[in-house]
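Novice: Sharing a structure here in structure tokens format.
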Amino acid sequence: MLDLADVLAVREAMERLSPVRQRIWRLLADGYTQTEIAEALGVAQGTVSRHARAIRRLLRDMGFGGWARRHDRRTRRRRRGG
């Protein structure tokens, strides 16, 4: 579980991302798949995948790698109705 300082650190890091990566982060956090995001943005799924990998790398480098993986699994389950 993240405490307030962790939440603020992640938020600050996300604000330093490009606008495209911020949008992808928000859509991933809302549970959209990379394919759905690619269609919405009009880009290839591989492009979204590269951005998502960079976002996860940033979180991992900040010490939140485990949290990012758990969050990914939870949002995918939520979108599937599980």
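Read the figures in this text as sums done on the coordinates, not as results from a lab. Keep in mind that this is a model prediction, so the values were computed, not measured. Cβ: placed from backbone, ideal geometry, glycine included. Neighbour counts: every protein chain shown.
Novice: In the stretch 53-64, what residues are closer than 19 Å to A5 by Cα and exposed (fewer than 13 other Cβ atoms within 10 Å of the Cβ)?
Specialist: Those that are closer than 19 Å to A5 by Cα and exposed (fewer than 13 other Cβ atoms within 10 Å of the Cβ): D61, G63.
Novice: I need the full set of residues from the stretch 1-52 which are buried (at least 16 other Cβ atoms within 10 Å of the Cβ) and basic (K, R), in order please.
Specialist: Result: R21, single match.
Novice: Still on this structure, please answer the following. Output the residues belonging to the stretch 32-64 that are outside any helix (DSSP H, G or I) and touching a residue at least 40 places away in the same chain (Cβ under 8 Å).
Specialist: Y32, T33, M62, F64
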